[in-house]
Structures are given as structure tokens and as C-alpha cells.
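The values are calculated or read from the model by the stated rules, or taken from the named source; none is laboratory data. Predicted, not measured: the structure shown is a model, and the values here were computed from it. FYI the Cβ positions are ideal-geometry reconstructions off the backbone, even for glycines, and counts take in every protein chain you see. Note: accessible area is taken over every heavy atom of the protein model, side chains too, but ligands, DNA and RNA are not part of it. Shrake-Rupley method; radii C 1.70, N 1.55, O 1.52, S 1.80 Å.
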Amino acid sequence: MRKSLRVAGIATACAVAGAALYGTGAATADNAAARHTAEPHNIGLLVGEIDDYYGAHQDAGGVWRSSPDSPYAKDLARIQAKAKKDIRKAAAHGAKSARHGKKPAIVLDVDDTSLLSFDYEKSTNYTYNGATWDAYVKEAKRPAVFGMPELVSYAKGKGIEVFFLTGLSEAQREGAVTNLARAGYDTQLDTKHVFTKNKTAPPAYLGHCATPAKWECTTVQFKEGTRKHIESTGYNIVGSFGDQVSDLAGGYADKTYKLPNPTYFVE
Ligand SMILES: [Mg+2]
């Protein structure tokens, strides 16, 4: 299930923490002494750290943006520079493997790998809701993740095929594809290049975990099974890009690239 392990109720947690702080008044000799506890990272501080990481700010329309000079953008740039080197090598090698009938390809996740959902995360206080998320996806107004359209253009220029593989539903395909085009992804965005999670009419290649009667595939099974299918149609996936570990596990990619995302976790 998408974002099932997300942090929820940050606003409530912060309000309670604030009340407790003001309720105690001046520190006594006893409670001023630092004691080690095994408590988790403080959620109020964590939100501030995440804001700093993304260079969070609101534009004139009130939309939350990440800054192109933020630590987040710099981390992305470093990963992308490495990926471009790998793509350049794979393309050179691919010229040989193409003779054996395999064309080099890359696979990209969509949410927070190709399209940035930071405005949704900030606006909802990092609290996922299926209905508001669906409306947000269908608005198709997300900006690109910094540098990713350029990475796609670079790969295309080297003769690499580009596929998108997303846990978004078939009903969200149009929103995703419209958004990808708007955000500057200059590549084929047809049904042969964009794979969604079609629970009502699952493809046969997903096997026993997905039948029209019941969908039981984990994210890893869905993504691994789809990559296996892509490779079976004549491609060698040289690079797989995702913001979640579950995007990348399971094989059928020569190299994997984990992009940063400290805002939610997908099993
Ligand atoms: Mg993602």
C-alpha cells in the first residue's frame, strides 16, 4: 500500500510537545540534568531539518518549492553526474550488445524521482490521504525533480530507451503523463513506455500475485516483474532510478540509483 508507513499527525505531536514545554515552566535542578533516553528523533526538529534540506519556500501563489541550490538539489546533481558517466559507458557497450538484440534502457520511478511532490507533503503536513493525493496527481502541476529531464535527454542522446514505472494507478496515468510532458520530459510517454499499477486489468506477466480478482503484489514484486517484462521485450536495463528502496530491489537492472526522499516511506 502506498505510503502506509508514513509519519502521521505531525501537527498534533508538535502541539502536544509545545504544551508540555510551556507547562513545565523554569527548569529545576532535577529536570535540567541531561539524561539519556531512547526516544526517537524529535519531530519538530526533524521538520525543520527537512525544510532546510529542500530549501523550502513558498512562491507568490503559496506553492511550496524546493530551491535549486539546496542540499537536496546538490545531492541529486552528484548522483546524476555518476549516472551520466555510467550511461555513457553503457551506451558505448550497448553498441556491441545491440548486435545481440538487446537495446540499452533506463527505468525511472515517477513520484519524487521524476516529479516532485514537495508542495503536497508540506501542504498536508506530511500526512498522506488517498483522495487529496489523487486530486493532486490529476492537477498535473508538479515540477520536475531537479536535473531529471536533463538526465533523460542525455540518455536519449546516447541512444538509450527511457521507461517510466510507477505505483500510480491506471486511472492516474493521464495526470502523470500530462505532468511529465509539462515538466519537460522529452521522450515517448505512450503505454509502451509508461507502466502504471493496473489493479483492475493486471498484465499476465506479473503472474500469480496479480489477477483481475485480487491484487496481492508487493511494490518490489510489481516493479521487479515489470522490469523483467521490459527486458523480455528486447532491452537491457542499464540503470534503474527511484526514491524508495522498494523501487530498486529485486534485480533486472545493471545499476540502481537511490534518490533522496526523507518525507515518506513506501514498503
Ligand atoms: Mg517514488
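Data table
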item: Residues located in the stretch 181-205, provided they are in contact (Cβ under 8 Å) with a residue 12 or more places away in the chain, open to solvent by 20 Å² or more (accessible area, probe 1.4 Å) and among the aliphatic types (A, V, I, L, M); result: Ala183, Leu189, Ala201
item: Residue in the stretch 223-242 that is aliphatic (A, V, I, L, M) and touching a Leu at 6+ places or on another chain (Cβ under 9 Å) present; result: yes
item: Any pair with Cβ under 6 angstrom, 6 or more apart, that starts in the stretch 99-128 at a residue that is within 16 Å of the ligand (Cβ to nearest atom) and ends at one that is among the acidic types (Asp, Glu) and outside any strand (DSSP E or B); result: Asp109/Asp247; Asp112/Asp243; Thr113/Asp243
item: Those residues of the stretch 214-261 which are of a type in the set (D, E, K, R), surrounded by fewer than 19 Cβ atoms within 10 Å (Cβ to Cβ) and away from the ligand (no atom under 15 Å from the Cβ), in sequence order; result: Lys214, Glu216, Lys228, Glu231, Asp254, Lys255
item: Failed item, numbered, when Ala91 is tested on (1) touching a Lys or Arg at 6+ places or on another chain (Cβ under 6 Å); (2) modelled with pLDDT of 95 or more; result: (2)
item: Every residue from the stretch 166-180 that is under 21 Å from Ile230 (Cβ atoms) and open to solvent by 30 Å² or more (accessible area, probe 1.4 Å); result: Gly167, Ser169, Glu170, Arg173, Val177
item: Test: residue in the stretch 157-174 that is of a type in the set (Ser, Thr, Tyr) and in contact (Cβ under 8 Å) with a residue 24 or more places away in the chain; result: yes
item: Qualifying residue in the stretch 153-161 (condition: closer than 25 Å to Tyr72 by Cβ and either aliphatic (A, V, I, L, M) or within 16 Å of the ligand (Cβ to nearest atom) (or both)); result: yes
